[in-house]
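Notes follow once the structure below has been shown.
The values are calculated or read from the model by the stated rules, or taken from the named source; none is laboratory data. On a predicted model such as this, the values are computed, not experimentally measured, just so you know. Note that each Cβ is placed from the backbone with ideal geometry, even for glycine, and that neighbours are counted across all protein chains shown.
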Amino acid sequence: MNDHAPHADHQHEHPTWKQYKWVALWLTVITVFEVWIYYTPFSKSPMYAPLLLVLSATKFIIVVMFYMHLKYDHKLFRALFTGPLIIAISTLLALFALFSHQAIPQ
Amino acid sequence: MASAVAHESHEHTHYTTTGLDNRKVAIWAFIGSECMLFASLISTYLIYKGKSIVGPFPHEAWTSPSGQIFKPILNIPVTSQSTFVLLMSSLAMVMALDAVESRGKPGYVGTIKGNSKFWLAATAVLGATFLGYQAFEFTSFVHEGLTIKTNLFGSSFFTLTGFHGAHVTAGVLWLLTLLSIDIKRGLTPKDALLVDICALYWHFVDVVWIAIFTLVYLIA
Amino acid sequence: MATTAATPTFAPPAAASYGQTGIWSWITTVDHKRIGALYLYTALFFFLFGGLEAGMIRWQLALPNQHIVTAEQYNQLFTMHGTTMVFLAIMPLSAAFFNFLIPLQIGARDVAFPRLNAFSYWVYVLGGTFMTVPIFFGNAPNGGWFGYAPLTTMPYSSGLNIDFWVMGLQILGISSLAAAFNFITTIINMRAPGMTLMRMPVFTWMSFVVQFLLILAFPAITIALVFLLFDRFFGTQFYEIAAGADPLLWQHLFWVFGHPEVYILILPAFGLVSEILPTFSRKPLFGYNVVIYSGIMIGFLGFGVWAHHMFAVGMGATADTVFALTTMLIGVPTGVKIFNWIATMWGGQIRFAAPMKFAIGLIALFTIGGISGVMHSSPPADLQQTDTYFVVAHFHYVLFGGSIMGILGGIYFYFPKITGRYMSETMGTWHFWTTFIAMNLTFFPMHFSGMLGMPRRIYTYDAGQGWDTFNLISSIGTAMLILSTLIFVINFLKSRKSGAIAPNDAWGAGTLEWSIPSPPPDYNFAEIPVVTSRYPLWDLKHPERTAGIAHSAPDIMTITDAHAVPVHEETGHKTAAELGIPMPFNTVKPLIAAAALVTMFSGLLFMHKDQFAVAMTITIGSAALFVGTLYAWLTSPLE
């Protein structure tokens, strides 16, 4: 491996301390909300699963953007992450669709 | 492309085309690959959801042929706590990186904000706590009659969360390694990259859990 | 040959310029060129081994009702033939070129992580041995290279055979993944100043696409194999139909990996051909951008076609239609490349040297395989062809006619760069024509035997079904193929010692690797060149060829490295120390780490006999050794 003393590239902006704390707060709030809603009658609603997916996608995105500072980092990293992520999610959805469809009725 | 930044080494300079460090490029490629790894695991879990022939089940009660009653096995309150712990470990992780990057800056010297050892240790401890929760969860499931051999849910659940747990374990070891370097010689802003790549890995493991928590635990 | 008559600028004995000799220097090497050479030799060995397995198969099938091997031996032979050719021959042959060429083509002194590179090689060679040795004990994997579960689960395959296969593939996957992260980083980050993405040689570009296919395809099979391993050893139920498991889970996960794998096998050969054709047509590649973009398209679409391997399982009309359409679609960028190559030759001053013959051979043979592939994309047609010899004919035209022809062309083309000597042109011509004829003799009749209904993977057959003649022709072809490969091996070994001396630019090519001595010194480039076009050497020597190509105009470069100079031919022959270039230390740690990793997986074999304690002792012990070595490795300086 490359063992040279690193020299981080500081041309780009960084998320700040304040942002870190806000992100943590939002993550907590969303998680608490998710768990709370799990115990409400809304969890029987057809809108429950989509809502939860949106909420967890939101958490996913803010962690990636701020904690993994992709928002502030070189665009190359964004490509290295989103490209594979898109392929992974598409594969997951395709597999899910393929298996939830029974070709031969049992 | 020409925005090259020389990398300080002992005496000579090392040129990289993008000016970015090789290790950071490699860790992002690795994280990309890990997306596919967890996508395969999560797909299998979802495909097998509701396909188990015998219980215990994650969200439904089950009465065995012998009349024994099994509650829904997932323990949402406990897992919510462990989820919170892992989210907070990510906060501690960014604090650790910030402390190393800002070493010596005003407001960081002598304060908790600048104490990278504290934040690294906190991240590792929170990670270990998460693992503790997972160990508790696994053992209580086994007591309640769900093992990796019981049914499709057991097989796919333990494998998925076990793989995640193994990633957390590797992360804790990595954090402890950084902590020992910090204690031995002190991490300086020049070492920020070492912390940064560990942090990227750690946060990735965290976002995987965000997905697992919703898909496995909360959506029945 | 005209080029050899020219006086070389210097004539070092082969390998002398590497500075170090002796077996220990090879075991501890971290030099990408040496690792490339190790990959080449090892993969050629496995290629011959896999070829002999095929020879046994064809011997058995030459005549009806033969019993040269038993059904069980036959299962092991076809399984190991497929597994060996895919994982131990073609992929590592491509890896040999990745290693040797990528740094040279982008103007770098080494890969991004030289020691990780050595680790990849050692994991490959140990994993390959792990998987191959059992055949001598009648214990080789016998479930087909696709290892369909539940057939490979314990109730149906209770021997150690499948365990070797499962563990072997996991080990090889680690090798491929480690190498892929390394090359992605190398191509992104180690390019010489001015080597923009759209100036990169096409081989490097195709390799770049392949690395992404690797990092995204291997996780799927890794997980499928983990499930299988757990089912076999720990009693999980992933493939246990009685417990409600879906019999298609393995097939889907395997082909999510398996189809990108097809492009992993072919794209490097496409890259090599895209280097050879312009050189011997003395004309830039036609439609460089289109070749690159179609390569990227193939990479993306490659993840959306996997279920066309599964039309026969009854996925339903919707799924069949979608995958039929995506499969037809992926034929387009592939076809585009064929036309680009033909247009490259069009109007060129073509020189039919051995590499060029193989490159043209690829275009012809791959096209046949490509067309029969498009035939399979139609589900109704596929239902007739699936599991018959027609499919065997198809993928051998693609893999032998495509990958192997391209790789052989690449070996003739780059042999002078690797060894400093040319391969014999006469023997090369003989090799090409015998291979070309024998290849068609072997695989073309399989179209007919397949259409007549001969199923794959049967160890013998009755006479009088219309298959006899076609099988005999196929077997005669295979015998010829073995002889033609023998010509190649003799040529390879003889030319290494006594071939004509090659100059820097052995063929009059245009890319960077030809600007440095043959074989290259361990530091590659004494001075890092600043690149201003796609064919920098042609700009110097044949400016008329590159006039008018976009991206070829010299531009203003910020030279950030003190040693960077314009592209030039390097003729000096100093050592790294004389030039003050720091070189990575040789180290044995990657080999130890690789050995620990392979032992870790081997330990699990004891689970088979329910010797849990032994298995865990070996596995945990070697895991600890692995982690310890990794710590020692990461804390010791590279150079």
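Looking at (1) within 7 Å of another protein chain (Cβ to nearest Cβ); (2) surrounded by fewer than 22 Cβ atoms within 10 Å (Cβ to Cβ); (3) under 30 Å from A:Val64 (Cα atoms); (4) modelled with pLDDT under 95, which one does B:Asp21 not meet, given that it meets all the others?
(2)
Condition first: at the interface with chain A (Cβ under 10 Å from one of its Cβ atoms) and assigned to a loop (DSSP other than H, G, I, E, B). Now tell me which residues in the stretch C:298-321 satisfy that.
If the condition is that a residue be at the interface with chain A (Cβ under 10 Å from one of its Cβ atoms) and assigned to a loop (DSSP other than H, G, I, E, B), then C:Gly314, C:Met315, C:Gly316 are the ones that fit.
Every residue, every condition in (1) free of Cβ contacts under 8 Å to residues at least 60 places away in the same chain; (2) among the hydrophobic types (A, V, I, L, M, F, W, C); (3) touching a Gly at 6+ places or on another chain (Cβ under 8 Å), yes or no:
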| residue | (1), (2), (3) |
| --- | --- |
| C:Gln105 | no, no, no |
| C:Val111 | no, yes, no |
| C:Arg115 | no, no, no |
| C:Met131 | yes, yes, yes |
| C:Gly147 | no, no, no |
| C:Leu151 | yes, yes, yes |
| C:Ser157 | yes, no, yes |
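Return only the number of the condition from (1) of a type in the set (Gly, Ala, Ser); (2) modelled with pLDDT under 95; (3) on the phi < 0 side of the Ramachandran plot that C:Gly138 does not satisfy.
The single condition C:Gly138 does not satisfy is (3).
Report, by residue number, each residue of the stretch A:39-67 that is within 9 Å of chain B (Cβ to nearest Cβ) and in contact (Cβ under 8 Å) with a residue 12 or more places away in the chain.
The answer is A:Leu52, A:Leu55, A:Ser56, A:Lys59, A:Val63, A:Val64, A:Phe66, A:Tyr67.
Checking the structure you have, find out if any residue of the stretch A:68-75 is at the interface with another protein chain (Cβ under 9 Å from one of its Cβ atoms), in a helix (DSSP H, G or I) and surrounded by 14 or more Cβ atoms within 10 Å (Cβ to Cβ).
no
Find the residue count for the stretch C:104-116, including only residues that are touching a Phe, Trp or Tyr at 6+ places or on another chain (Cβ under 9 Å) and either closer than 12 Å to C:Leu172 by Cα or in a helix (DSSP H, G or I) (or both).
So the count comes out to 4.
Yes or no, residue by residue, for (1) at the interface with chain B (Cβ under 9 Å from one of its Cβ atoms); (2) within 14 Å of the chain's Cα centre (by Cα):
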{"residue": "C:Pro193", "(1), (2)": "yes, no"}
{"residue": "C:Thr196", "(1), (2)": "yes, no"}
{"residue": "C:Met206", "(1), (2)": "no, yes"}
{"residue": "C:Leu214", "(1), (2)": "yes, yes"}
{"residue": "C:Phe218", "(1), (2)": "yes, no"}
{"residue": "C:Leu225", "(1), (2)": "no, no"}
{"residue": "C:Ala242", "(1), (2)": "yes, no"}
{"residue": "C:Leu253", "(1), (2)": "yes, no"}
{"residue": "C:Gly271", "(1), (2)": "no, yes"}
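Return the only residue of C:Ile407, C:Ile360, C:Ile418, C:Ile330 being at negative phi, among the hydrophobic types (A, V, I, L, M, F, W, C) and out of contact with any Ser or Thr (no Cβ under 9 Å at 6 or more places or on another chain).
Testing whether each residue is at negative phi, among the hydrophobic types (A, V, I, L, M, F, W, C) and out of contact with any Ser or Thr (no Cβ under 9 Å at 6 or more places or on another chain) leaves just C:Ile360.
Determine whether the stretch B:53-63 contains at least one residue that is over 22 Å from A:Thr40 (Cβ atoms) and crowded, with 21+ Cβ neighbours inside 10 Å.
Yes, the conditions are met somewhere in the stretch B:53-63.
Residues in the stretch C:464-479: is at least one surrounded by fewer than 21 Cβ atoms within 10 Å (Cβ to Cβ), over 23 Å from the mean Cα position of the chain (by Cα) and on the phi > 0 side of the Ramachandran plot?
Yes, the conditions are met somewhere in the stretch C:464-479.
When residues of the stretch B:146-161 are filtered for being of a type in the set (Val, Ile, Thr) and outside any helix (DSSP H, G or I), how many remain?
3
Suppose we keep only residues that are more than 20 Å from B:Thr129 (Cα to Cα), surrounded by fewer than 20 Cβ atoms within 10 Å (Cβ to Cβ) and without any contact (Cβ under 8 Å) to a residue 40 or more places away in the chain within the stretch B:143-181. Which one would you say is nearest to the other protein chains (Cβ to nearest Cβ)?
B:Lys149
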